[in-house]
Amino acid sequence: MARELALIGCGNMGSAIIRGILEAGLLAPEEITVSSPSAVTADRLSGELGCTATTDNVEAAHDAHIVILAVKPHLIEVVAREIEPALADGAIVVSIAAGVTLARLHAVLGDDRKIVRAMPNLPAMVGEGMSALSAGAQVDPAEINRVKRLFEGFGKAVVVPERQMDAVVAVSGSGPAYVCLFIEALADAGVAEGMGRADAYAFAEQTVLGTARYLLETGTHPAVLKDRVS
């Protein structure tokens, strides 16, 4: 019997994806199989979440409706080539490998395969991710919405043309590093004025969190809030 979802790659991002999907109640543990080259890693995730674990990528992908490839970019083509014979007709393959285009994935998996390219970011690990999705021509609107709903289990997701993926990497993929740099600078300024470092980080982090939430919940333009504060 076909399973709903296979995840290949149980690293930080892959684990965050599965946790988000399960915590949102989008799938049941028995509908998911996870695969990792490390039996210890796969078994740990399986034990925590109740899903099936394996070290065999082909076994995981066999007849799954959706297969998420959460492996490093330099491994994506090797893994895709490995699992291709096991893919069910009509299976949706989702890759989160940065920089790997739909064309490259189709070259390995075949022009007729349903492929979605996804770009989640690090805050997915705490359920606040921002993901972009780009679908190949073979993926119909209902199928991309199905994938989108899964990615909304650990944050927000938006379907974008693939030509915008480089911009997505710059804004949301790399963005957390710039936000962290800003938080460090705010905290350092507080420490320079006599605050304890723990307090300085608490003030800086909560300020960034609260500001982002305010903008999201009210729809206020950042420039308007900036002027109000100024």
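The values are calculated or read from the model by the stated rules, or taken from the named source; none is laboratory data. Every value quoted in this text rests on a predicted model; they were computed, and no experiment measured them. Cβ atoms come from the backbone with ideal geometry, glycine included; neighbour counts cover every protein chain shown. Remember, those area values only see protein heavy atoms, side chains included, never the ligands or the DNA or RNA. Shrake-Rupley method; radii C 1.70, N 1.55, O 1.52, S 1.80 Å.
When only residues in the stretch 92-111 that are part of a helix (DSSP H, G or I) and of a type in the set (A, V, I, L, M) count, which is surrounded by the most Cβ atoms within 10 Å (Cβ to Cβ)?
105
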Residue count, the stretch 1-28 (criterion: out of contact with any strand residue (DSSP E or B) (no Cβ under 8 Å at 6 or more places or on another chain) and over 16 Å from residue 71 (Cα atoms))
8
How many of the residues making up the stretch 94-129 are farther than 18 Å from residue 16 by Cα and not acidic (Asp, Glu)?
16
Scan the stretch 17-48 for residues that are assigned to a helix (DSSP H, G or I) and either more than 16 Å from residue 97 (Cβ to Cβ) or at pLDDT below 90 (or both) and report the count.
19
Which residues, taken from the stretch 51-69, are open to solvent by less than 50 Å² (accessible area, probe 1.4 Å) and either in a helix (DSSP H, G or I) or closer than 25 Å to residue 149 by Cα (or both)?
51, 53, 57, 60, 61, 64, 66, 67, 68, 69
Sole exception among (1) under 18 Å from the mean Cα position of the chain (by Cα); (2) surrounded by fewer than 20 Cβ atoms within 10 Å (Cβ to Cβ); (3) in contact (Cβ under 8 Å) with a residue 60 or more places away in the chain for residue 75, by number
(3)
Being of a type in the set (Lys, Arg) and either crowded, with 17+ Cβ neighbours inside 10 Å or farther than 18 Å from residue 105 by Cβ (or both) is the filter here, so list the residues in the stretch 145-164 that pass it.
146, 148, 149, 156
Select from the stretch 189-230 the residues that are of a type in the set (Gly, Ala, Ser) and either surrounded by 12 or more Cβ atoms within 10 Å (Cβ to Cβ) or outside any helix (DSSP H, G or I) (or both) and list them in ascending order.
189, 190, 194, 196, 200, 202, 204, 212, 219, 230
Which of the residues spanning the stretch 112-144 are open to solvent by 60 Å² or more (accessible area, probe 1.4 Å) and in a strand (DSSP E or B)?
130
